[in-house]
Amino acid sequence: MKDFAHVKKNELGQWETQTIKEHLDETAKKAKEFASEFGNQDWAELVGFWHDMGKYLPDWQKHLSKASGYDEDAHIEGYGWRPNHSTVGAVLAFSRIKNPAIARIIAYIVAGHHAGLPDWSPDNAGGDLINRIYSDPLSGILNKKEFDQINLIEQSQEFINKNLPKSTPLNISQPEDMENRKEFFHLWIRMLFSCLVDADFLNTEIFMESDKNKIALRGNYPTIKTLKERFDRFMENKKDFSEQINKQRNIILDTCRKKAVLSPGFFSLTVPTGGGKTLSSMAFALEHALKYGKQRIIMAIPYTSIIEQTAKVYKYGTDDEEKIIESIKSGNILFGEDSVLEHHSNIDPDKEDNKSRLASENWDVPIIVTTNVQLFESLLAFRTSSCRKLHNIVNSVIILDEAQMLPPEYLEPILSTLRGLVKYFGVTVILCTATQPALCGKIGSGLAVFEGLSNVTEIIDNPEELAKSFKRVKIEPPNFDERMEWPDVAKQLAQYEQVLCIVNTRQDCRDLHALMPKDTIHLSANMCGEERSEIISSVKHKLKNSEPVRVVSTQLVEAGVDIDFPVVYRALAGMDSIAQAAGRCNREGKLNNEGCMGKMVVFQPPKSAPTGLLRKGEDASKSVLRNYPIHDLQPILYTEYFKNFYGYVNNFDKPKFQERLVKESGEFKFQFRTFAQDVRLIDDTVQRSIIVWYQGKGNNSLTFIDYLRNKGPERWIIRKLQRFIVNVPLPVFEKLKRGDYIEDIHGYWVQKATGLYKPGIGLLPDSKDWDSEIFIF
């Protein structure tokens, strides 16, 4: 046996083989096809030809064949029991290419096609066991023994002698272009890497997968044209001019459709909360995609709670469970489940099928609803699993919902990456929010300053007038000379039958809730996702039926959650949070029809917000509100607020983007791995996850905990348990661990005693809150 890339047993128990030549040819062809979207198909084709050159070596061929027959998993690198085949193609680049910069480009991609993009220099390189074995810094590859083995690859001459690429990175034509484009070279390499990785996976899957029905599930989605026709038909049936607010929403929708003919680039959609931006932004995206040949639409959202709601709207036209059932029965749905991929950590596996699982691997579906974390950590990643989808972001429309939620400490690499996508990869970006952040020009002050976006086109002609037309809430400003104590806040809230109070921390939420009437609802991140979803659904039901409902919540209900209270109280915070809280008050404008408005009270709580970004937001709001009235929530408030807020931020480049990916990019020297390992939009170094005991309406976490204990961490079990996770600060986690209140089951920390989680309150981290009578191990 020799020259085989993959082997498998067929249904009859017979061995089948794929030659290296077949695999290289087919992978190169597919990678070339992917890269044609951005004009560098010759680069992708070459890395496709060279990526598995190491499989020609005797060690690999010996490993692939054993005395007892073929090894089904031998084509996979891992830990140390299988030889490394990725390095050879990288060594070949350094051996055959005279220009060291070009050799590095090829070498990063080929060497990393299993273990992930490597660093150039040895500083800080590392990671888990498999990465330490297979991810030596690229500079160290020059000493690899594979240099002596290249001449052994006689059968691969036709691939070794392939022509070098003629196209240039990011269309460089003049020497000065290098300086202008070097900030984006890392992104260009990631895109080529994505083309190779996805092509390699797909070709291997075609050969190795015995279930051909699974392969047939890939692709075959409706076109953008078909989706636009569905959208137009649905919206025509949905039109409602009976309420003034619906008239305004239709005006916004029509404006978005008309402005979609503008040239691709950066856009902002500044629409007051409740203005229908979920559907209006999609209207713009569909019209724009159809006119300019964009291949997909990606909606990125900061919170999973909003994602679930938004995905339902795009699939069925509504997020109301009762109306969803009616819509499905009548056939009057929006895009349907066949066109929308919901990709986030909290999705229920029961709501997934094989097709959606496959689509989440490489995002080949036309409409994707995902998180900011998933989008940006993928764009800045080094791992193959994260980067695989990137080439399908090319030539797309990205809608950044609640754009004000972009994390300040990562703002420099995020905005740079977005600029690169727009300028070189055919992407249109829509910054969609009621509280538009100041992302243009110079951002920050002092040493913490960088260049933001430019040429952002506002879709709405007159956001100031639109804000006035959507005025539904009368806002009482805070008294800066006096703080309200929680008993006083509770006394005021108890006067109303329907009222929402939003506070800044979980502890504040618990302290205030403890002072409220018995039937008051508590809602915070101390509760697992399953319970939070049930509570929000119950609150909506009570509001819809005019039942009494008082809610004390943290800010998790603020952005995008479709609830409508007549009265809202908000502890002083950033202006964006205050405006989002106002969007939960008289949201549908029903009180306006009765000749009045919703009421919102902004108050100074007993203590300032915790130090950090929350405190900076509070301080920036105080500065702005001393100079501008809060009553109308005009766009100028948010512009001034974000200028002040960004002026307080100490660092916009926490993972050292400039140092690790830009500083030596002219020589194509990058610290891909070290940089990516420091990109944590949700910082898991300061908190840990605990799986709690909760009996939901449909699911019981104890059932899946038992499965985890007995079967191990199978994918479907872990996806189920995502719904029952509570994240706690690291000191709380350590305290619970020391007290033996949680246990490690196959690497996942799980509640061990009954009293630790209390429905209606959530996880109780402090022993003073525990009920000793139910606290049983």
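Does residue 686 satisfy the condition of being among the aliphatic types (A, V, I, L, M) and either modelled with pLDDT of 95 or more or in contact with a Cys (Cβ under 7 Å, 6 or more places away or on another chain) (or both)? Talk me through it step by step, then tell me what you get.
Details: among the aliphatic types (A, V, I, L, M): yes; either modelled with pLDDT of 95 or more or in contact with a Cys (Cβ under 7 Å, 6 or more places away or on another chain) (or both): no.
Criteria not met by residue 686.
Let's see how each residue does on (1) surrounded by fewer than 24 Cβ atoms within 10 Å (Cβ to Cβ); (2) in contact (Cβ under 8 Å) with a residue 24 or more places away in the chain; (3) assigned to a loop (DSSP other than H, G, I, E, B):
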{"site": "556", "(1), (2), (3)": "yes, yes, no"}
{"site": "568", "(1), (2), (3)": "no, yes, no"}
{"site": "595", "(1), (2), (3)": "yes, no, yes"}
{"site": "602", "(1), (2), (3)": "yes, yes, no"}
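What's the total number of residues in region 228-276 that are of a type outside the set (S, T, N, Q), touching an Asp or Glu at 6+ places or on another chain (Cβ under 8 Å) and over 22 Å from residue 422 (Cα atoms)?
4
If I filter region 373-424 down to residues being within 15 Å of the chain's Cα centre (by Cα) and acidic (Asp, Glu), which single residue comes out as nearest to residue 678 (Cα to Cα)?
377
Sort through 229, 179, 183 and tell me the only one that's in contact (Cβ under 8 Å) with a residue 24 or more places away in the chain, acidic (Asp, Glu) and open to solvent by 50 Å² or more (accessible area, probe 1.4 Å).
179
For residue 222, all conditions in the list (1) surrounded by 16 or more Cβ atoms within 10 Å (Cβ to Cβ); (2) within 28 Å of the chain's Cα centre (by Cα); (3) part of a helix (DSSP H, G or I) hold save one; what is the number of the exception?
The number of the failed condition is (3).
When region 719-767 is examined, which residues are found to be out of contact with any helix residue (DSSP H, G or I) (no Cβ under 6 Å at 6 or more places or on another chain), closer than 14 Å to residue 691 by Cβ and among the basic types (Lys, Arg)?
Selection gives 737, 752.
Identify all residues within region 53-99 that are hydrophobic (A, V, I, L, M, F, W, C), at pLDDT 85 or above and part of a loop (DSSP other than H, G, I, E, B); write none if there are none.
Residue satisfying the conditions is 97 alone.
Consider residue 271 carefully, then state whether it is of a type outside the set (Phe, Trp, Tyr), more than 28 Å from residue 378 (Cα to Cα), modelled with pLDDT of 95 or more and touching a helix residue (DSSP H, G or I) at 6+ places or on another chain (Cβ under 8 Å). Full working, then the answer.
On the way: of a type outside the set (Phe, Trp, Tyr): yes; more than 28 Å from residue 378 (Cα to Cα): yes; modelled with pLDDT of 95 or more: no; touching a helix residue (DSSP H, G or I) at 6+ places or on another chain (Cβ under 8 Å): yes.
Answer is no for this residue.
Which residues, counting only those in region 10-28, are of a type outside the set (Asp, Glu), open to solvent by 40 Å² or more (accessible area, probe 1.4 Å) and over 18 Å from residue 52 (Cβ atoms)?
12, 13, 14, 15
Return yes when residue 217 is open to solvent by less than 60 Å² (accessible area, probe 1.4 Å) and at pLDDT below 80 and no when it is not. Steps first, answer last, please.
Working: open to solvent by less than 60 Å² (accessible area, probe 1.4 Å): yes; at pLDDT below 80: yes.
Considered against the rule, which asks whether it is open to solvent by less than 60 Å² (accessible area, probe 1.4 Å) and at pLDDT below 80, residue 217 comes out as yes.
Hey, among the residues in region 527-553 that are open to solvent by 10 Å² or more (accessible area, probe 1.4 Å) and of a type in the set (S, T, N, Q), which one's farthest from residue 596 (Cα to Cα)?
Taking the candidates together, the pick is 533.
From the set of residues in region 155-176 that are touching a residue at least 12 places away in the same chain (Cβ under 8 Å) and small (Gly, Ala, Ser), which is surrounded by the fewest Cβ atoms within 10 Å (Cβ to Cβ)?
167
Could you run through region 425-438 and say how many residues are at pLDDT below 95 and either among the aromatic types (Phe, Trp, Tyr) or not in a strand (DSSP E or B) (or both)?
5
Counting only residues that are farther than 24 Å from residue 471 by Cα and touching a helix residue (DSSP H, G or I) at 6+ places or on another chain (Cβ under 6 Å), how many does region 618-650 have? It would help to see each step written out before you state the result.
Narrowing region 618-650 to residues farther than 24 Å from residue 471 by Cα: 619, 643-650.
Those left that are additionally touching a helix residue (DSSP H, G or I) at 6+ places or on another chain (Cβ under 6 Å): 644-645, 648-649.
Of the residues in region 618-650, 4 are farther than 24 Å from residue 471 by Cα and touching a helix residue (DSSP H, G or I) at 6+ places or on another chain (Cβ under 6 Å).
Which of the following residues is of a type in the set (Lys, Arg), modelled with pLDDT of 95 or more and within 30 Å of residue 48 (Cβ to Cβ): 259, 294, 212, 225?
Details: 259 fails: within 30 Å of residue 48 (Cβ to Cβ); 212 fails: modelled with pLDDT of 95 or more; 225 fails: within 30 Å of residue 48 (Cβ to Cβ).
Matching residue, one of 259, 294, 212, 225: 294.
Which one of 654, 643, 697 is open to solvent by 40 Å² or more (accessible area, probe 1.4 Å), closer than 30 Å to residue 384 by Cβ and touching a residue at least 12 places away in the same chain (Cβ under 8 Å)? Step through it out loud before you land on a result.
Numbers: 643 fails: closer than 30 Å to residue 384 by Cβ; 697 fails: closer than 30 Å to residue 384 by Cβ.
It is 654.
The values are calculated or read from the model by the stated rules, or taken from the named source; none is laboratory data. The model shown is predicted, which means the values in this text are computed figures rather than measured ones. Cβ coordinates were reconstructed from backbone atoms using ideal geometry, including for glycine residues, and neighbour counts include every protein chain displayed. Surface areas here come from the heavy atoms of the whole protein model, side chains and all, with no ligands, DNA or RNA. Shrake-Rupley method; radii C 1.70, N 1.55, O 1.52, S 1.80 Å.
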